[in-house]
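Undergrad: I am attaching a structure below and will ask some questions about it afterwards.
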Number of protein chains: 2
Amino acid sequence: MTTVKPRRLSDRQRLAWLRLIRSDNVGPSSFRQLVSRFGSADAALEALPGLTRRGGATRPLKITSVSEAERELELAERFGVQFIAIGESDYPPLLQQIDHPPPLVAVKGSTDVFKRPGVAIVGARNASLAGIKIARMLATDIGRQGFTIVSGLARGIDTAAHGGSLETGTVAVFAGGLDKPYPNENIPLANAIAEQGGALISEMPLGWSPRAIDFPRRNRLIAGLSYGLVVVEAAQRSGSLISARLAGEQGRLVFAVPGSPLDQRSGGSNGLLKDGATLVTEADDVIRALAPLVGEQVQPPRSWRKEALSDAAVAAIEVDAEQPDDDGRSRVLESLSPVPTDIDEIVRHTQLSTAQVQFVLLELQLAGRIERHSGNAVSLLESGV
Amino acid sequence: MTTVKPRRLSDRQRLAWLRLIRSDNVGPSSFRQLVSRFGSADAALEALPGLTRRGGATRPLKITSVSEAERELELAERFGVQFIAIGESDYPPLLQQIDHPPPLVAVKGSTDVFKRPGVAIVGARNASLAGIKIARMLATDIGRQGFTIVSGLARGIDTAAHGGSLETGTVAVFAGGLDKPYPNENIPLANAIAEQGGALISEMPLGWSPRAIDFPRRNRLIAGLSYGLVVVEAAQRSGSLISARLAGEQGRLVFAVPGSPLDQRSGGSNGLLKDGATLVTEADDVIRALAPLVGEQVQPPRSWRKEALSDAAVAAIEVDAEQPDDDGRSRVLESLSPVPTDIDEIVRHTQLSTAQVQFVLLELQLAGRIERHSGNAVSLLESGV
């Protein structure tokens, strides 16, 4: 009977969402599990200390306070940044479909740009002049066909991709807070994007300076915002190849621009072509391949639509039923090792229900003792042993 | 009972073969039909005047005389060139498998080079330095893996391909006579190929200076001598693309080296990649793809093995049985038009046997009134109406 489906979070809800996602050891996946199990971010915040204690945390979990979250909201207002929750109408539709979508995104600029289908264009920072020319040309031509160009504001190819689509609309995905553009030389470009109908977007807190580890995480959003990802120039073992792999895993089409085998800056893009990426020499190659996909209606996964925006409390009895006893907890812990183990295997091995195993894993994750991997696997963190 | 299968043509047979293939309007396809129907090249030469008359030739067919053929044989001996007939043990095995293999090839150098699997490397005459470097590198590396490198002696990529494989063995396919290397600047290269264990090969008469029209015909031999064809640099609408198309039609693998979309010299090769050619950045890409093919035993088509080297006369009565009356001839002629028509359709339409229709078409072809097309089709030549 709790089928209330607000289109927007209330201010109180948004504050609770921000507190929860900004708390230690809470990521998109555990955020979703918590809201789903406890019925609201508020209820999850209350449950957090108990969960991490049972998970065996060695020190208390840092839970973001009301005043800290209010400070970030104030900062956002000052910078013209809004927080959009998954399920709200302005949330980028394609992004809802990835495995672990951020529950809240910070956006500066126009959200209209998310309504048009996205194409990511990424590549080397030390790109050749030819590569930069091609990236700019592709961005302009694909943009004029009604697509939003998504990239990462980096030097080289990314800069050219944004520059070529400033007029038609482009999205820059940040690895840090939206008040911390990187690199500095692209601050004017970032401002131009937000002012000319495009958008800056990030899942990281305002004030957060991006570290190396934040870029692969950011790259999953670049791929997630796009139907296809075009790699223009990329050396072997480069960040653009990580983006391409993430795009492939998310079911996005991967495109690459060919280059001479003697040019190391094309080693990665030629490698993608060998592995089956679609070869691109002009915008039409991309547009033709995406045409069959773009028509489809993009919907958030059903479970999010039902749960995410509902703030009704789930009966405590239900939650309790999912909690195994201490013996069950030990069995789950014993089945884990530093080598990633499939969760289904843990269920079989412990003879607990899937819900019970997931509950224990959530506690362990919040306690910072396990790491989640793609393909439904988890491993014990060495520091957590 | 006439199952004599000589391994080599007699001198008398070789002279007759040379006369027949050098006669007007006789190509590989009609040569084979004639020898097959009349039992020997000698018998076919005798039948030629009658066939062309019935085919409606407006002037007598030029039949190469004994002395003309002897002159070419003498010229060949002086230049160290031998004529090898299809079915003889030195004839390039792969070449026997193409649709219309030349019945006689002129070869200078070592025929051992045909015993090893061939890989063609072709491309632009006005190649970039990078393209030349890549062609040379591929030729050297693929050659060292036991392959013969086949190319066309042209400037640019072809020259680099031969140069890179001089030591391991390379084959240059000429569009004109073997005494007419083209271009002149590559005469030293041609000599080096023949002297260092490679071979020069052509189906054209000694003394023949190549015309533009001869190159596509030559390109079918380059593809025919090779398991796969690698296009290194090729502009759109270039000869290398014709070679690639012919290679594909003959069931050979097509490879292409990628290049920048801004470099017009890579327009054709990138286009091949879009159409499904295998992308090549190093020799292993070619060798790995060819590995499953190279093991197989290469055999000439069964019919050639049975017929080509048999000089026994076929009973005249059999030949007569295939000759339709004049009414049948008219019906075949009426069913033809300048638009290519499928031969099976002509058979249905005229209600003649396939053998009878083929016989009339042979007469018309020898009379220079029809043209054969790929896919078993023929069309009336406008000058022949």
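Undergrad: Shielding of B:260-268 by partners, i.e. mean partner chain Cβ atoms within 10 Å per residue?
TA: 5
Undergrad: Continuing with this model, one more query. Among B:150-156, B:194-200, B:132-138, what's the highest-first ranking by average C-beta atoms within 10 angstrom per residue?
TA: B:150-156, B:132-138, B:194-200
Undergrad: So, one more: Suppose we consider the axis relating copy A to copy B; can you name the residue of A with the nearest Cβ and state that distance in angstrom as an integer?
TA: Closest to the axis: A:258, 2.
Undergrad: Another question about this same structure. With the Cα gyration tensor of the stretch A:215-298 giving a ≥ b ≥ c as the square roots of its eigenvalues, does the rule (a/c under 1.5 for rounded; else a/b larger than b/c for prolate; else oblate) give rounded, prolate or oblate?
TA: Oblate shape, in that a/c is at least 1.5 and b/c is the bigger or equal ratio.
Undergrad: Just to check I understand the Karplus step: with θ = phi - 60° and J = 6.51 cos²θ - 1.76 cosθ + 1.60, what whole-Hz values come out for the stretch B:214-222, glycine and proline as x?
TA: So the J values, rounded to whole Hz, are 6, 6, x, 4, 5, 4, 5, 6, 4.
Undergrad: Just to confirm the numbers: residue B:293, label point 7 angstrom along the Cα-Cβ line, distances to the other copies in nm, shortest first?
TA: So the distances to the same position in the other copies read 3.2 nm.
Undergrad: Continuing with this model, one more query. Taking 2.2 N^0.38 Å as the expected size of a compact globular protein, what ratio does the Cα radius of gyration of the stretch A:11-72 give against it, to two decimals?
TA: The reported ratio for this selection is 1.04.
Undergrad: Then there's this: Whose amide H sits under 5 Å from the amide H of residue A:230, counting only residues 5 or more places off or on another chain, with H placed in the peptide plane?
TA: Hits under the 5 Å cutoff: A:120, A:121, A:122, A:255.
Undergrad: I need the inter-copy label distances for residue B:137: point set 7 Å along Cα to C-beta, values in nm with one decimal, smallest first.
TA: 2.4
Undergrad: Now a separate question. What residues have an amide H closer than 5 Å to that of residue A:148, excluding those fewer than 5 places away on the same chain, when H is modeled at 1.01 Å from N in the peptide plane?
TA: Under 5 Å from the amide H of residue A:148 lie the amide H atoms of A:118, A:119, each far enough along the sequence or on another chain.
Undergrad: At a probe radius of 1.4 Å, figure out the B/A buried accessible area, summed over both chains, and give it in Å² to the nearest 100.
TA: Chains B and A together bury roughly 1300 Å² of accessible area.
Undergrad: Which of the aspartates and glutamates could a cross-linker bridge to residue B:62, judged by Cα under 16 Å and excluding same-chain residues fewer than eight apart?
TA: Partners within reach: B:24, B:42, B:46, B:363.
Undergrad: Can you give the accessible area of residue B:288 in Å² (nearest 10), computed on protein heavy atoms with a 1.4 Å probe?
TA: Roll a 1.4 Å probe over it and residue B:288 shows about 150 Å².
Undergrad: Once the label point is set 7 Å along the Cα-to-beta-carbon vector, what list of distances in nm do you get between residue A:330 and its counterparts in the other copies?
TA: Computed spacing set for this position: 10.7 nm.
Undergrad: By the scheme Lys and Arg +1, Asp and Glu -1, what is the net charge of all other residues having a beta-carbon under 13 Å from that of residue A:381?
TA: 0
Undergrad: If you count, for each residue, the other Cβ atoms within 10 Å and average over each peptide, how do B:351-358, B:38-45 line up from highest to lowest?
TA: B:38-45, B:351-358
Undergrad: Could you rank the peptides A:216-229, B:85-98 by their average count of other C-beta atoms within 10 Å per residue, with the highest value first?
TA: Packing proxy ranking, top to bottom: A:216-229, B:85-98.
Undergrad: Short version: ³J(HN,Hα) in whole Hz for each residue of the stretch B:122-136, in order, from phi by Karplus 6.51 cos²θ - 1.76 cosθ + 1.60 (θ = phi - 60°), x for Gly and Pro, what are they?
TA: Values per residue, Gly and Pro as x: 9, x, 5, 6, 8, 5, 6, 4, 5, x, 4, 5, 5, 4, 5 Hz.
Undergrad: Please list, ordered by chain and number, the residues whose modelled amide H lies under 5 Å from the amide H of residue B:277; skip anything fewer than 5 residues away on the same chain.
TA: none
Undergrad: My understanding is that a pair violates if its Cα-Cα distance is over 29 Å; which of B:115/B:180; A:133/A:180; A:115/A:180 do that in this structure?
TA: none
Undergrad: Just need the relative contact order of chain A here, percent rounded to a whole number, with Cα pairs under 8 Å and 6+ apart.
TA: Normalised by residue count, the contact order of chain A is 19 percent.
Undergrad: Under 1.5 on a/c is rounded, so check that first for chain A, then, if it is not, pick prolate when a/b is larger than b/c and oblate when it is not; a ≥ b ≥ c are the square roots of the alpha carbon gyration tensor eigenvalues.
TA: prolate
Undergrad: Under 13 Å from the Cα of residue A:108, which aspartates and glutamates turn up, not counting those fewer than eight places away in the same chain?
TA: A:77, A:90, A:179, A:195, A:203
Undergrad: Average partner chain C-beta neighbours within 10 Å, per residue of B:279-288?
TA: 3
The values are calculated or read from the model by the stated rules, or taken from the named source; none is laboratory data. Predicted, not measured: the structure shown is a model, and the values here were computed from it. When we count neighbours, we look across all protein chains shown, and the Cβ atoms used for this are built from the backbone with ideal geometry, even at glycine. For the accessible areas, the whole protein counts, side chains as well, though only heavy atoms, and no ligand, DNA or RNA atoms are used. Shrake-Rupley method; radii C 1.70, N 1.55, O 1.52, S 1.80 Å.
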